[in-house]
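Below: the structure, in C-alpha coordinates.
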Amino acid sequence: MSLVPPETALTPRFWRAGSVLAVPRVTWRLSRVIGHVLHGYVRSWLVWPRLDERGRDAECVRWSGKMLRMLGIELVVQGQARPGAKLVVSNHVSWLDIVALNAVVPSRFVSKAEVADWPVVGRMVTQAGTLFLTRERRRDAMRVLGLMAKGLREGHTLAVFPEGTTGTGHGVLHFHPNLLQAAIDAGVPVQPVALRYADPVQAVSPLAAYVGDTSLLQSLWSVVSARGLVVHVHVLPLQAATHADRRALAALLQDQIEAAVAP
(Lines give C-alpha, C1' and ligand atoms only; values in the text may rest on other atoms or scores of the structure.)
Protein backbone atom coordinates (compact mmCIF):
# COMPACT_ATOMS: atom_id res chain seq x y z
CA MET A 1 0.00 0.00 0.00
CA SER A 2 1.38 3.41 -0.94
CA LEU A 3 2.04 5.92 1.83
CA VAL A 4 1.00 8.76 -0.46
CA PRO A 5 -2.60 9.98 -0.11
CA PRO A 6 -4.52 9.87 -3.42
CA GLU A 7 -4.80 13.64 -3.51
CA THR A 8 -1.01 14.12 -3.24
CA ALA A 9 0.29 11.23 -5.32
CA LEU A 10 2.43 11.84 -8.40
CA THR A 11 -0.12 10.66 -10.93
CA PRO A 12 0.67 9.62 -14.50
CA ARG A 13 -1.29 12.66 -15.71
CA PHE A 14 1.05 14.97 -13.80
CA TRP A 15 4.05 13.08 -15.10
CA ARG A 16 2.94 13.42 -18.74
CA ALA A 17 2.03 17.09 -18.38
CA GLY A 18 5.31 17.92 -16.67
CA SER A 19 7.28 16.00 -19.29
CA VAL A 20 5.83 18.05 -22.14
CA LEU A 21 5.61 21.50 -20.60
CA ALA A 22 8.74 21.71 -18.49
CA VAL A 23 11.48 20.25 -20.70
CA PRO A 24 13.45 23.52 -21.29
CA ARG A 25 13.37 24.46 -17.61
CA VAL A 26 14.21 20.92 -16.52
CA THR A 27 17.13 20.67 -18.95
CA TRP A 28 18.60 23.97 -17.77
CA ARG A 29 18.23 23.15 -14.10
CA LEU A 30 19.54 19.62 -14.43
CA SER A 31 22.62 20.73 -16.34
CA ARG A 32 23.44 23.29 -13.66
CA VAL A 33 22.79 20.81 -10.84
CA ILE A 34 25.02 18.16 -12.41
CA GLY A 35 27.79 20.71 -12.83
CA HIS A 36 27.38 21.84 -9.24
CA VAL A 37 27.59 18.28 -7.92
CA LEU A 38 30.70 17.54 -9.97
CA HIS A 39 32.29 20.78 -8.79
CA GLY A 40 31.57 19.77 -5.20
CA TYR A 41 33.08 16.35 -5.87
CA VAL A 42 36.33 17.89 -7.12
CA ARG A 43 36.49 20.20 -4.12
CA SER A 44 35.94 17.22 -1.80
CA TRP A 45 39.34 15.94 -2.99
CA LEU A 46 41.26 19.18 -3.40
CA VAL A 47 39.82 21.61 -0.86
CA TRP A 48 37.79 19.95 1.91
CA PRO A 49 40.68 17.92 3.44
CA ARG A 50 42.55 21.19 4.14
CA LEU A 51 39.63 22.95 5.83
CA ASP A 52 39.05 23.18 9.57
CA GLU A 53 35.57 22.61 11.02
CA ARG A 54 34.51 26.22 10.58
CA GLY A 55 35.68 26.17 6.99
CA ARG A 56 33.84 22.93 6.25
CA ASP A 57 30.65 24.33 7.78
CA ALA A 58 30.92 27.47 5.63
CA GLU A 59 31.55 25.33 2.55
CA CYS A 60 28.53 23.18 3.39
CA VAL A 61 26.22 26.19 3.83
CA ARG A 62 27.42 27.78 0.60
CA TRP A 63 27.17 24.59 -1.48
CA SER A 64 23.75 23.62 -0.12
CA GLY A 65 22.27 27.09 -0.54
CA LYS A 66 23.48 27.24 -4.12
CA MET A 67 22.04 23.77 -4.82
CA LEU A 68 18.59 24.91 -3.65
CA ARG A 69 18.77 27.99 -5.87
CA MET A 70 19.78 25.89 -8.87
CA LEU A 71 16.83 23.60 -8.24
CA GLY A 72 14.57 26.66 -8.23
CA ILE A 73 13.69 26.27 -4.54
CA GLU A 74 13.26 29.30 -2.29
CA LEU A 75 14.60 28.89 1.26
CA VAL A 76 12.58 30.51 4.06
CA VAL A 77 14.08 30.29 7.55
CA GLN A 78 12.37 30.96 10.87
CA GLY A 79 14.41 30.94 14.08
CA GLN A 80 18.13 30.43 14.59
CA ALA A 81 20.15 27.45 15.71
CA ARG A 82 22.40 27.68 18.74
CA PRO A 83 26.10 27.45 17.93
CA GLY A 84 28.13 24.62 19.43
CA ALA A 85 27.40 20.99 20.15
CA LYS A 86 23.82 19.84 19.61
CA LEU A 87 21.74 17.10 18.07
CA VAL A 88 19.48 18.36 15.28
CA VAL A 89 16.22 16.42 15.07
CA SER A 90 13.92 16.92 12.10
CA ASN A 91 10.95 15.44 10.28
CA HIS A 92 11.80 13.67 7.02
CA VAL A 93 10.04 14.37 3.72
CA SER A 94 12.59 14.12 0.93
CA TRP A 95 16.19 13.64 -0.15
CA LEU A 96 16.12 17.46 -0.26
CA ASP A 97 15.94 17.61 3.54
CA ILE A 98 19.70 17.18 3.97
CA VAL A 99 20.39 20.00 1.53
CA ALA A 100 17.85 22.29 3.23
CA LEU A 101 19.16 21.55 6.72
CA ASN A 102 22.79 21.99 5.71
CA ALA A 103 21.96 25.38 4.19
CA VAL A 104 20.80 26.50 7.65
CA VAL A 105 22.41 24.24 10.27
CA PRO A 106 25.49 22.47 8.84
CA SER A 107 25.52 19.02 10.44
CA ARG A 108 27.02 15.56 10.35
CA PHE A 109 24.23 13.14 9.45
CA VAL A 110 23.60 9.50 10.24
CA SER A 111 22.97 7.57 7.03
CA LYS A 112 22.54 3.99 5.84
CA ALA A 113 25.85 2.35 5.00
CA GLU A 114 25.06 1.88 1.29
CA VAL A 115 25.30 5.64 0.68
CA ALA A 116 29.07 5.51 1.21
CA ASP A 117 29.39 3.41 -1.97
CA TRP A 118 27.27 5.67 -4.19
CA PRO A 119 29.22 7.19 -7.12
CA VAL A 120 30.30 10.82 -6.54
CA VAL A 121 27.81 11.44 -3.71
CA GLY A 122 29.39 8.78 -1.49
CA ARG A 123 32.72 10.59 -1.48
CA MET A 124 31.10 13.94 -0.73
CA VAL A 125 28.98 12.78 2.20
CA THR A 126 31.92 10.85 3.65
CA GLN A 127 34.08 13.97 3.55
CA ALA A 128 31.24 15.85 5.23
CA GLY A 129 31.62 13.56 8.26
CA THR A 130 28.56 11.35 7.76
CA LEU A 131 28.24 8.43 10.16
CA PHE A 132 27.19 5.23 8.41
CA LEU A 133 24.84 2.72 9.99
CA THR A 134 24.43 -0.87 8.82
CA ARG A 135 20.75 -1.40 9.57
CA GLU A 136 20.89 -5.17 9.16
CA ARG A 137 23.25 -5.46 12.12
CA ARG A 138 21.57 -4.73 15.44
CA ARG A 139 24.85 -4.21 17.23
CA ASP A 140 25.90 -1.57 14.72
CA ALA A 141 23.41 0.85 16.27
CA MET A 142 25.41 0.74 19.51
CA ARG A 143 28.61 1.49 17.60
CA VAL A 144 27.01 4.48 15.86
CA LEU A 145 25.53 5.74 19.16
CA GLY A 146 29.01 5.70 20.64
CA LEU A 147 30.42 7.64 17.68
CA MET A 148 27.56 10.14 17.89
CA ALA A 149 28.08 10.74 21.61
CA LYS A 150 31.83 11.16 21.02
CA GLY A 151 31.23 13.68 18.24
CA LEU A 152 28.76 15.63 20.36
CA ARG A 153 31.19 15.75 23.31
CA GLU A 154 33.84 17.10 20.94
CA GLY A 155 31.54 20.00 20.05
CA HIS A 156 30.11 18.88 16.72
CA THR A 157 26.56 19.29 15.43
CA LEU A 158 24.94 16.00 14.39
CA ALA A 159 21.55 15.47 12.77
CA VAL A 160 19.06 12.59 12.67
CA PHE A 161 15.61 11.85 11.26
CA PRO A 162 13.91 9.86 14.05
CA GLU A 163 10.98 8.84 11.83
CA GLY A 164 13.40 6.48 10.11
CA THR A 165 11.72 7.00 6.73
CA THR A 166 10.14 9.77 4.68
CA GLY A 167 6.56 10.99 5.07
CA THR A 168 4.24 13.03 2.88
CA GLY A 169 4.79 16.28 4.79
CA HIS A 170 1.28 16.18 6.26
CA GLY A 171 2.14 15.81 9.93
CA VAL A 172 4.93 13.49 11.05
CA LEU A 173 5.37 9.77 11.59
CA HIS A 174 6.26 8.10 14.88
CA PHE A 175 9.62 9.24 16.29
CA HIS A 176 11.90 6.35 17.23
CA PRO A 177 13.86 7.32 20.35
CA ASN A 178 17.01 5.19 19.98
CA LEU A 179 19.40 7.71 18.41
CA LEU A 180 18.32 10.43 20.85
CA GLN A 181 20.27 8.52 23.47
CA ALA A 182 23.47 10.02 22.05
CA ALA A 183 22.46 13.54 23.14
CA ILE A 184 21.46 12.23 26.58
CA ASP A 185 24.77 10.40 27.01
CA ALA A 186 26.79 13.42 25.81
CA GLY A 187 24.79 15.90 27.90
CA VAL A 188 24.12 18.24 24.96
CA PRO A 189 20.80 19.84 23.94
CA VAL A 190 18.53 18.84 21.08
CA GLN A 191 17.67 21.36 18.35
CA PRO A 192 14.28 20.48 16.80
CA VAL A 193 13.78 21.64 13.22
CA ALA A 194 10.52 21.44 11.27
CA LEU A 195 10.61 21.16 7.48
CA ARG A 196 7.68 22.00 5.22
CA TYR A 197 7.58 22.26 1.43
CA ALA A 198 5.03 24.53 -0.22
CA ASP A 199 4.14 25.64 -3.75
CA PRO A 200 1.85 28.36 -5.13
CA VAL A 201 -1.12 25.98 -5.03
CA GLN A 202 -0.66 23.94 -1.85
CA ALA A 203 0.67 24.88 1.59
CA VAL A 204 1.99 21.32 1.94
CA SER A 205 3.35 20.48 -1.49
CA PRO A 206 3.51 16.90 -2.79
CA LEU A 207 6.17 17.90 -5.30
CA ALA A 208 9.11 17.36 -2.95
CA ALA A 209 7.85 14.26 -1.14
CA TYR A 210 9.88 11.12 -1.80
CA VAL A 211 7.51 8.43 -0.55
CA GLY A 212 5.58 5.34 -1.51
CA ASP A 213 6.18 4.06 -5.05
CA THR A 214 7.81 7.30 -6.24
CA SER A 215 11.19 6.58 -7.81
CA LEU A 216 14.19 8.86 -7.34
CA LEU A 217 13.96 9.85 -11.01
CA GLN A 218 10.29 10.82 -10.64
CA SER A 219 11.07 12.77 -7.49
CA LEU A 220 13.95 14.63 -9.12
CA TRP A 221 11.81 15.42 -12.17
CA SER A 222 9.01 16.69 -9.94
CA VAL A 223 11.41 19.06 -8.17
CA VAL A 224 13.27 20.46 -11.18
CA SER A 225 10.08 20.97 -13.20
CA ALA A 226 8.23 22.72 -10.36
CA ARG A 227 7.51 26.43 -10.26
CA GLY A 228 7.55 28.37 -7.01
CA LEU A 229 8.64 25.53 -4.72
CA VAL A 230 9.54 26.79 -1.23
CA VAL A 231 11.14 24.97 1.68
CA HIS A 232 10.28 26.37 5.10
CA VAL A 233 12.91 25.59 7.74
CA HIS A 234 11.57 26.36 11.21
CA VAL A 235 14.27 26.17 13.88
CA LEU A 236 12.50 25.54 17.19
CA PRO A 237 13.78 26.32 20.71
CA LEU A 238 16.44 24.06 22.18
CA GLN A 239 15.42 21.16 24.38
CA ALA A 240 17.63 20.00 27.23
CA ALA A 241 18.52 16.31 27.04
CA THR A 242 20.63 15.76 30.15
CA HIS A 243 19.09 13.00 32.31
CA ALA A 244 16.06 12.90 29.99
CA ASP A 245 14.06 9.77 29.24
CA ARG A 246 14.57 9.15 25.54
CA ARG A 247 11.00 7.97 24.92
CA ALA A 248 9.52 11.01 26.63
CA LEU A 249 11.98 13.24 24.75
CA ALA A 250 11.03 11.65 21.42
CA ALA A 251 7.32 12.16 22.13
CA LEU A 252 7.90 15.81 23.07
CA LEU A 253 9.94 16.51 19.94
CA GLN A 254 7.37 14.77 17.75
CA ASP A 255 4.57 16.94 19.15
CA GLN A 256 6.58 20.15 18.73
CA ILE A 257 7.64 19.43 15.15
CA GLU A 258 4.18 18.21 14.17
CA ALA A 259 2.68 21.48 15.42
CA ALA A 260 5.30 23.49 13.57
CA VAL A 261 4.84 21.80 10.16
CA ALA A 262 1.13 22.61 10.14
CA PRO A 263 0.51 25.32 7.49
### Query
Do the conditions hold for VAL76, that is, is it among the hydrophobic types (A, V, I, L, M, F, W, C), in a strand (DSSP E or B), open to solvent by less than 10 Å² (accessible area, probe 1.4 Å) and modelled with pLDDT of 95 or more?
no
### Task
Within region 133-166, track down each residue that is outside any helix (DSSP H, G or I) and at pLDDT 95 or above.
GLU154, GLY155, HIS156, THR157, LEU158, ALA159, VAL160, PHE161, PRO162, GLU163
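Rundown of residues vs (1) within 19 Å of the chain's Cα centre (by Cα); (2) within 18 Å of ALA85 (Cβ to Cβ), yes/no style:
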| residue | (1), (2) |
| --- | --- |
| ALA113 | yes, no |
| PRO119 | no, no |
| ARG138 | no, no |
| ALA149 | no, yes |
| GLY164 | yes, no |
| LEU179 | yes, yes |
| VAL188 | no, yes |
| VAL201 | no, no |
| PRO206 | yes, no |
### Task
Take the residues in region 236-263 that are of a type in the set (Val, Ile, Thr) and out of contact with any Lys or Arg (no Cβ under 9 Å at 6 or more places or on another chain), then tell me which one is most open to solvent (accessible area, probe 1.4 Å).
THR242
### Selection from region 220-235 of residues that are open to solvent by 40 Å² or more (accessible area, probe 1.4 Å) and either closer than 21 Å to ARG82 by Cα or assigned to a helix (DSSP H, G or I) (or both)
LEU220, TRP221, HIS232, HIS234
### Message
If I ask for residues that are of a type outside the set (D, E, K, R), more than 16 Å from ARG29 (Cα to Cα) and either part of a loop (DSSP other than H, G, I, E, B) or without any contact (Cβ under 8 Å) to a residue 40 or more places away in the chain (or both), which ones from region 208-219 would you list?
### Response
ALA209, TYR210, VAL211, GLY212, THR214, SER215
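Which one of ARG29, ARG54 is open to solvent by less than 90 Å² (accessible area, probe 1.4 Å), among the charged types (D, E, K, R) and at pLDDT below 95?
The conditions single out ARG29.
The values are calculated or read from the model by the stated rules, or taken from the named source; none is laboratory data. Here the structure is a predicted model, which means the values were calculated and not measured. All Cβ positions, even for glycine, are placed from backbone atoms using ideal geometry, and neighbour counts span all protein chains on display. In case anyone asks, the SASA skips ligands and DNA or RNA and just uses the protein heavy atoms, side chains included. Shrake-Rupley method; radii C 1.70, N 1.55, O 1.52, S 1.80 Å.
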